[in-house]
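Below is one structure; the comments refer to it alone.
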Amino acid sequence: MFYSFGKKFLSICQSGKKKYWPFSPTGFQILPLALGIFLFPAFTDAAFVKTKRTVMIQVFQWNWNSIAEECEREFGPMGISAVQVPPPQEHIVSSGSPWWERYQPVSYQIHSRSGTREQFRSMVDRCKKVGVDVYADVVLNHMSALSAGVGFAGTSFQHYEYNSLWRPDSFHRCGRNGNNGLVNFYDRFELHHCDLLGMADLNTGKRDVQKRLAQYLDDLLDLGVSGFRIDAAKHISPEDLQGIFRWVKRDHYRVLELILSPGEPVTSEEYGPLGDLNNFAYAYGVGLAFENLELHKLVSLPGNTGINSDEAVVFLENHDLERRPDAEPILSFRKKSPWFPLAMTYLLTWPYGYPQLYSGTFFSDYDAGSPLDQNGFLQNAVSEEGRCEQPFTCMHRLLWIKDLVKFRNGTDSVFSATRVISGGDFLSYGRGKLGHVILHAGSKDRIFEVPTDLSPGKYCNSVRFEGRSSTECGEVDAQGLLRVVVGARSAFVIYAPGQLAASSRK
Ligand code: LM2
Ligand code: CA
């Protein structure tokens, strides 16, 4: 089949995230920087580019030791920019130890199912040494929903009183619905002041509350953390969030968890100035585009979400989305969505936003936490030999995920989609001279002839998808036309610098 080309041209000129790190994904190092000596590999070609790190990962239900090990073994070498870790503060203890205990804070001691303060500190150090920043998930909106209890680190508390930390007047108590509970999400006052799921809502408008929350953030920064994911940001007014952040002593990265449904009384515009935004509309939009075979919609989807590329954190799923009802169009790894590899290819190759991978656990029960040791800490996710333990997915260990991260990092300098053509079941786009991608959602192998900006020559798939041969190759002719057979529900990805490096190494 032949596709007419060149009709649509799209250029999205927003630079990618995130940080520069003098460490090449191909594994050779610059050592020692202090002496200013650069050790070049035997081949001194285009492979030696300072590669930015532009992809982060949310790791869910892992303990600090395992995250540290995974930074060294996988995240660092594969070029990950940062790891978003579970809420590190003391939390409630609930029967059956559900995962969501972590979202009900009891104090800001760094002591949780993931480990002790010292284990946390050591994890941050070890991750940073291999180029991986740590973003902590922080719960600032509320404390627990329990009327009284003792937290994981031994702190006793009552619903609206947390010893020396919070007094009854530290909470909002919105005075609605009989029990201060949040019922009407379309009422701005309730949204910000009432108890979400019954959890005691902090009076984030008060200066002393703001200062104490900022002190918690400062403590994490002192432990070496580089950024925060702000849990339930929608339930704190933008003014109050600003009021908290103004006391924080150091610069840091921030992404706000802002799940907006149509008609809600808060907007991404008012929260945008406070940090990057988790783009939930994107996750749903990608799911719908694949499930409805409307891949052409992927071209306009990012713009339609109303969040600019340089403010958006994009993902296919997170710990909340993977638990949504099956009827929702979330492309989840755990649920073995047939569209997962193609959607992931789009996420990591289309120039929009700061992509976030997700690595959690397999489960069948909504509440189920991961296995605990005899002291109540999460068991290791990786064995001493580095094996991924049950029930952890270790999604990030798939070779093709690593290939795609390498593509994302290596194409950051051309952060625009070039030579875009699309139909319901395919999308073809380039990253200038650096690469080209064909997503093919059709159910039969198909011959594609698509325009590219690549130099003439033979190019092979840079991504080793499972069940596909790694030798699929295509030809680019003198006019830049790429001719290649792409399998059913598969993708063909050319990362041109990688192919140059490979050929000159022979
Ligand atoms: C979030 N973002 O804004 C988190 O991403 C999400 O995972 C959190 O909910 C939520 N906000 C509050 O921080 C999770 C979980 C809930 C769980 C809460 C509190 O999704 O299921 O609620 O944490 O632990 C649980 C029960 C719920 C109960 C509530 C209070 O599932 O049935 O509601 O505790 O007892 C009465
Ligand atoms: Ca609130």
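Going by amide H atoms built from the backbone, whose H comes under 5 Å of the H on ASP195, apart from near neighbours?
CYS174, GLY181, LEU182
With +1 on each Lys and Arg Cβ and -1 on each Asp and Glu Cβ, and nothing else charged, work out how big the dipole of the chain is about its Cα centre, in Debye to the nearest 20. Present the calculation step by step, with values, prior to reporting the outcome.
Working: 53 positive and 55 negative charges, 304 e Å.
The dipole magnitude comes to about 1460 debye.
Looking only at segment 233-272, which residues have a backbone nitrogen under 18 Å from a spot 7 Å from the Cα of LEU288 in the C-beta direction?
259-264, 268
Using θ = phi - 60° and the Karplus relation 6.51 cos²θ - 1.76 cosθ + 1.60, list the HN-Hα couplings for segment 376-391 in order, rounded to whole Hz, with x at every Gly or Pro.
Computed from phi, the couplings for segment 376-391 are x, 8, 4, 5, 4, 8, 10, 6, 4, 7, x, 6, 6, 8, 5, x Hz.
Which chymotrypsin sites (Phe, Trp or Tyr not before Pro) does segment 319-388 hold that lie in a coil by DSSP with at most 14 other beta carbons within 10 Å? Let's see the in-between values first.
Numbers: sites: PHE333, TRP339, TYR346, TYR352, TYR358, PHE362, PHE363, TYR366, PHE377; in loops: PHE333, TRP339, TYR352, PHE362, PHE363, TYR366, PHE377.
Passing both the DSSP loop test and the Cβ count: PHE362, TYR366.
Rounded to a whole number, what % of the accessible area of the chain do carbon and sulfur atoms account for, probe 1.4 Å? Please report the intermediate quantities before stating the final value.
Working: 10450 of 20100 Å².
The nonpolar share, carbon plus sulfur, comes to 52 percent.
Within the set LYS335/LYS402; LYS129/LYS406; LYS52/LYS211; LYS128/LYS234; LYS406/LYS433; LYS128/LYS249, which residue pairs have Cα atoms separated by over 25 Å?
On the way: LYS335/LYS402 21 Å; LYS129/LYS406 20 Å; LYS52/LYS211 35 Å; LYS128/LYS234 30 Å; LYS406/LYS433 16 Å; LYS128/LYS249 20 Å.
Those over the limit are LYS52/LYS211; LYS128/LYS234.
Under a point-charge model restricted to the Cβ atoms of Lys and Arg (+1) and Asp and Glu (-1), what is the dipole moment magnitude of segment 279-427 relative to its Cα centre, in debye to the nearest 20?
Details: 12 positive and 18 negative charges, 95 e Å.
The dipole of segment 279-427 has a size of about 460 debye.
In whole Å, what is the distance between the alpha-carbon centres of segment 176-239 and segment 62-131?
Here the two parts' Cα centres lie 21 Å apart.
Report the paramagnetic label zone for ALA368: residues of segment 84-109 whose backbone N is under 16 Å from a point 7 Å from Cα along the Cα-to-Cβ axis.
Once the point is set 7 Å along Cα→Cβ of ALA368, 96-100 turn out to lie under 16 Å by backbone N, inside segment 84-109.
Between LYS129 and LYS444, what is the spin-label point distance in nm, taking each point 7 Å from the Cα along the Cα→C-beta axis?
If labels sit at LYS129 and LYS444, their model points lie 5.7 nm apart.
Give me the number: length gained by fully extending LEU481 to ASN184, i.e. 0.36 nm times residue separation minus the C-alpha to C-alpha distance, one decimal in nm.
On the way: separation 297, 0.36 × 297 = 106.92 nm, distance 5.55 nm.
Extending this stretch completely gives an extra 101.4 nm.
For segment 472-488 and segment 349-420, what is the centre-to-centre distance using only Cα atoms, to the nearest Å?
Going from one Cα centre to the other spans 31 Å.
At SER95 and ASN203, where each label point lies 7 Å from the Cα along Cα→Cβ, what is the point-to-point distance in nanometres?
Roughly 3.5 nm, to one decimal.
I'd like to check one number: the per residue accessible area of segment 165-233, probe 1.4 Å, reported in Å² as a whole number. Can you show the working numbers first?
Working: 2720 Å² over 69 residues.
Averaged over the residues of segment 165-233, the accessible area is 39 Å².
Calculate, in whole percent, how much of the Cα-Cα pair population of the chain lies beyond 42 Å. Can you show the working numbers first?
Details: 25779 of 127765 pairs.
Value for the chain (Cα pairs over 42 Å): 20 percent.
Tell me whether segment 267-406 comes out rounded, prolate or oblate; compute the Cα gyration tensor, take square roots of the eigenvalues as a ≥ b ≥ c, and use a/c under 1.5 as the rounded threshold. Write down the numbers at each step before the final one.
On the way: a/c = 1.83, a/b = 1.64, b/c = 1.12.
Since a/c reaches 1.5 and a/b is larger than b/c, the shape of segment 267-406 is classed as prolate.
Quick one: if you stick a label point 7 Å off each Cα along the C-beta vector at LEU399 and VAL150, how many nm between them?
Simple spin-label model gives 5.2 nm for this pair.
Would you grab the residues whose amide H sits under 5 Å from the one on GLN379? Only those 5+ places off in sequence or on another chain, please, with H modelled 1.01 Å from N.
Amide H to amide H, under 5 Å and 5 or more residues apart or across chains, GLN379 pairs with LEU372, ASP373.
At most 13 other Cβ atoms within 10 Å and a DSSP loop assignment: could you name the GluC sites (Glu not before Pro) in segment 221-322 that fit?
On the way: sites: GLU239, GLU257, GLU269, GLU270, GLU291, GLU294, GLU311, GLU317, GLU322; in loops: GLU257, GLU294, GLU317.
Taking segment 221-322 and a limit of 13 other Cβ atoms within 10 Å, no loop GluC sites (Glu not before Pro) are found.
Please report the base-10 log of the normalised intensity I(q)/I(0) for segment 108-220, using a Debye sum with one equal scatterer per alpha carbon and no solvent, at each q in 0.12, 0.13, 0.17, 0.20 (1/Å).
Each listed q maps to, in turn, -0.52, -0.59, -0.90, -1.11.
The values are calculated or read from the model by the stated rules, or taken from the named source; none is laboratory data. Given the structure is predicted, the values throughout are model-derived calculations rather than measurements. For neighbour counting, all protein chains shown are included, and Cβ atoms are generated from backbone atoms with ideal geometry for every residue, glycine included. Ligands, DNA and RNA are stripped out before the accessible areas are found, and what is left, the full protein with its side chains, is counted by its heavy atoms. Shrake-Rupley method; radii C 1.70, N 1.55, O 1.52, S 1.80 Å.
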